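One structure is given below, encoded as structure tokens.
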Amino acid sequence: MTTDLAAFAKEKGVKYFMISFTDLFGGQRAKLVPAQAIADMQEDGAGFAGFATWLDMTPAHPDMLAVPDPSSVIQLPWKPEVAWVAGNCVMEDKDVAQAPRNVLRRLIDEAASEGLHVKTGIEAEFFLLTPDGEQISDPFDTAEKPCYDQQAVMRRYDVVREICDYMLELGWGPYQNDHEDANGQFEMNWEFDDVLRTADKHSFFKFMTKSVAEKHGLRATFMPKPVEGLTGNGCHAHISVWDAPGDAAKTNVFAGQGDGPTGEVGLGEQGKHFLGGIMKHASALAAITNPTVNSYKRINAPRTMSGATWAPNTVTWTGNNRTHMVRVPGPGRFELRLPDGATNPYLLQAVIIAAGLSGIRSKADPGRRYDIDMYAEGHTVTDAPKLPLNMLDALRDYDKDTELKAMMGQEFSSAFLKMKHQEWNSFVSHFSRWEKEHTLDI
């Protein structure tokens, strides 16, 4: 049954709604709507000028309306008079094809038509910095191997506890929080769910984490590599496919035992081919999973201060081994370790479905399973593709992958490539200090 947002406001004491959408660059946009006006907004949507956000539009385009999806509504635990609700972007009574949440919704429907219901969980990593973003906020967080440092996590207990309390209150099922592998870095985990719900939670989690950090006089960042020499922010995705959505799911269609490298680690035929699609499209996938210039400072990083980057640079898969792009930690699921903190919550889930469906339809083989330590022995792997070295290479790989582009939607792909190339051109036109230091005296 569809939630009546006006009734929701009356019952919960909500005075304002944030009708929110996420643009192509992952920017979260919202309008603050008084509860008295939400009934009309629920039907017609809140108006936006798409050109004023990172969407491929001009000032001449008509109003874009963000129509709230009432199933996504979340009352802000730290400001209960406000509720957040994800909006679906519409223009002239048609879904805006380039809008990330619409891209995901279309692919969910496409997978469902083939009896496939994707569920994912994500591992969101972030740093807590000083408000200017220049330094780690905790001056005592200096250990050479800071991962799971109990003193460091307790010095940030007030922030971590508040966010986790809110997730408990929201019923997300958070189950662990830790200090991660870089100084100043944290990870918080909650239960997996249907991909649209995971994407909405991921989007809201970023908003919530930044808001709570600001409340405590800190700055939270999901930037892929905010501190040189330290491990970057990943956003690992755990993927499984089921026979039905939500609580109706009974059978994990990925699970299965058998011969061969995938069967030995608990992936059946569907899981094998879905993984094959991820491997087949990996280099193009990176344009979505690693969407910024800074992303490639993470996946092509030298060994960090802790001794490992925890990020892949080669298209390989394995069993329970964290040094590869994909690991299969147990039967019926696998972990994609490629995405970083800058990935768009909706496009991440969309491209996982797109690549996986492609693999199932073509019966793609994921290729050889490598069980070596890629950090120590990666140089011995000579027949596996390398991931892109920079954002431009990733965009070119995506542009060449006509099948993945079509799966994601031609209108979306065209808009994404156009705007990301503009971003790359802006980057390369920037004069850096490095250029003077290395070229002034040539």
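The values are calculated or read from the model by the stated rules, or taken from the named source; none is laboratory data. Just so we're clear, the structure is a prediction, and the values are computed from it rather than from any experiment. All Cβ positions, glycine included, derive from the backbone under ideal geometry; neighbour counts span all protein chains shown. Accessible surface areas use protein heavy atoms only, side chains included; no ligands, DNA or RNA. Shrake-Rupley method; radii C 1.70, N 1.55, O 1.52, S 1.80 Å.
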| request: Could you pull out every one of the helices (runs of 4 or more DSSP H) wholly within the range 332-442 that has 2 or more residues that are open to solvent by less than 40 Å² (accessible area, probe 1.4 Å)? | output: 345-362, 391-400, 402-408, 410-428
| Could we say that MET279 is within 17 Å of the chain's Cα centre (by Cα) and surrounded by 19 or more Cβ atoms within 10 Å (Cβ to Cβ) here? | no
| said: Pairs please, first residue from the range 121-149 and under 18 Å from HIS216 (Cβ atoms), second anywhere and of a type in the set (S, T, N, Q) and open to solvent by 40 Å² or more (accessible area, probe 1.4 Å), Cβ atoms under 8 Å, 6+ apart in sequence or on different chains. | reply: LEU129/GLN135; PHE140/GLN151
| said: Looking at VAL103, VAL73, can you tell me which residue is touching a residue at least 60 places away in the same chain (Cβ under 8 Å) and in contact with a strand residue (DSSP E or B) (Cβ under 8 Å, 6 or more places away or on another chain)? | reply: VAL73
| task | For the range 165-180, state whether one or more residues are in contact (Cβ under 8 Å) with a residue 24 or more places away in the chain, surrounded by 23 or more Cβ atoms within 10 Å (Cβ to Cβ) and of a type outside the set (A, V, I, L, M, F, W, C). | result | yes
| message | Here is a check on your reading of the model: is ALA220 open to solvent by less than 20 Å² (accessible area, probe 1.4 Å) and in a helix (DSSP H, G or I)? | response | no
| task | Kindly indicate whether VAL241 is out of contact with any Phe, Trp or Tyr (no Cβ under 8 Å at 6 or more places or on another chain) and within 26 Å of ILE288 (Cα to Cα). | result | no
| Residues (closer than 29 Å to ILE352 by Cα, among the charged types (D, E, K, R) and touching a helix residue (DSSP H, G or I) at 6+ places or on another chain (Cβ under 9 Å)) located in the range 115-159 | LYS119
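Of all residues in the range 181-202, which are of a type in the set (A, V, I, L, M) and open to solvent by less than 10 Å² (accessible area, probe 1.4 Å)?
Within the range 181-202, ALA182, MET188, VAL195, ALA199 qualify.
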| request: State whether the residues of the range 286-300 include one that is open to solvent by 40 Å² or more (accessible area, probe 1.4 Å), over 20 Å from the mean Cα position of the chain (by Cα) and at pLDDT below 95. | output: no
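The rows are residues; the columns are (1) under 19 Å from the mean Cα position of the chain (by Cα); (2) among the small types (Gly, Ala, Ser).
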position	(1), (2)
LEU76	no, no
VAL82	no, no
VAL85	yes, no
ASP93	no, no
ALA111	no, yes
ASP132	no, no
ASP158	no, no
MET188	yes, no
| From the residues in the range 33-43 that are in contact (Cβ under 8 Å) with a residue 24 or more places away in the chain and in contact with a strand residue (DSSP E or B) (Cβ under 7 Å, 6 or more places away or on another chain), which one is surrounded by the most Cβ atoms within 10 Å (Cβ to Cβ)? | ILE38
| field | Residues satisfying the stated conditions in the range 1-25, i.e. at pLDDT 95 or above, open to solvent by 20 Å² or more (accessible area, probe 1.4 Å), in contact with a helix residue (DSSP H, G or I) (Cβ under 8 Å, 6 or more places away or on another chain) and within 21 Å of ARG105 (Cβ to Cβ) | value | PHE25
| query | If you go through the range 319-331, how many residues are under 22 Å from THR380 (Cα atoms) and either surrounded by fewer than 24 Cβ atoms within 10 Å (Cβ to Cβ) or hydrophobic (A, V, I, L, M, F, W, C) (or both)? | reply | 9
| field | Candidate set from the range 44-58 (those that are without any contact (Cβ under 8 Å) to a residue 12 or more places away in the chain and not aliphatic (A, V, I, L, M)); member that is surrounded by the most Cβ atoms within 10 Å (Cβ to Cβ) | value | PHE51
